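The values are calculated or read from the model by the stated rules, or taken from the named source; none is laboratory data. Note that the coordinates shown come from a computational prediction; the quantities given were computed from them, not determined experimentally. Every residue, glycine as well, gets a Cβ built from its backbone with ideal geometry; the counts of neighbours run over all protein chains shown. When the accessible area is computed, the model is the full protein with side chains, heavy atoms only, and any ligands, DNA or RNA have been set aside. Shrake-Rupley method; radii C 1.70, N 1.55, O 1.52, S 1.80 Å.
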Amino acid sequence: MTTIAVTGHMDLTDSSVHLVRDALRETLRPYADGLTGVSCIARGSDTLFAEVVLELGGRLVVVIPSKDYRQSKVKPDHADAFDQLVQAADDVVVLDNETANRAAYEEANRTLLHRADRLVAVWDGTPPSGKGGGTADTVQEARAAGFPVDVVWPVGAVRG
């Protein structure tokens, strides 16, 4: 049984979605027997990861950064996917933060790492922005803690 968390870019271009989905499928397939995926199910990489976990027959654990996240941060064009993944999840953890902000995202990323054995990062290698709570920050935190990190960034993938 392996529990894998995800961090990744939200701003994938439409042409990159199938590339990333295929790369995630190949990365996760060896763990399919007994796989649990942990995701914040944000737009982009987090959602693709969660969908692939379910497609492979895995369990999904959703970590929601704040009590207001669904209302304040989930855009109408992502709401159906978000709601479907919440419904499909075996466990939904809503953190105690009132507001979705940088501190809530940082806590969510720490929660992902505490619940997992390894991390998949859909990451183009861009260094941290300095704001905190981003993909590169999570990769750095995981590596500093000795976490195995699988970076997924297929040839041709582009951010919008």
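Protection proxy ranking for 153-160, 50-57, using the average of other Cβ atoms within 10 Å per residue and placing the highest first: 50-57, 153-160. For the range 145-153, 3J(HN,Hα) computed residue by residue from phi via the Karplus equation (6.51, -1.76, 1.60; θ = phi - 60°) reads 8, x, 6, x, 10, 9, 8, 10, 8 Hz, glycine and proline entered as x. Taking the average, over residues, of other Cβ atoms within 10 Å as the packing measure, peptides 143-152, 110-119 rank 110-119, 143-152 from highest down. Protection proxy ranking for 18-24, 76-82, using the average of other Cβ atoms within 10 Å per residue and placing the highest first: 18-24, 76-82.
Annotation: amide H of Val151 within the under-5 Å range of Ala121, sequence separation 5 or more or interchain, hydrogens built in the peptide plane.
Note that the chain presents 47 Å² accessible area per residue, ligands and nucleic acids not counted, probe 1.4 Å. Of the options Ala142, Leu60, Ala42, report the single residue whose Cα projects farthest towards the positive end of the charge dipole of the chain (beta-carbon charges: Lys, Arg +1; Asp, Glu -1). Among Ala142, Leu60, Ala42, the one farthest towards the positive end of the dipole of the chain is Ala142.
If you take the Cα centroid of the range 55-77 and the Cα centroid of the range 91-154, the two points sit 15 Å apart.
Helix-derived [θ] at 222 nm for the chain: sum -39500 (n - 2.57) over DSSP H runs of at least 4, divide by residue count, nearest 500? Result for the chain, helices only: -12500 deg cm²/dmol.
Tell me, what is the percent relative contact order of the range 1-152, built from C-alpha pairs under 8 Å that lie six or more residues apart? This gives 28 percent for the range 1-152. The candidate values are (1) 4.26; (2) 1.25; (3) 0.94; the one derived from this structure for Cα Rg over 2.2 N^0.38 Å carries the label (3).
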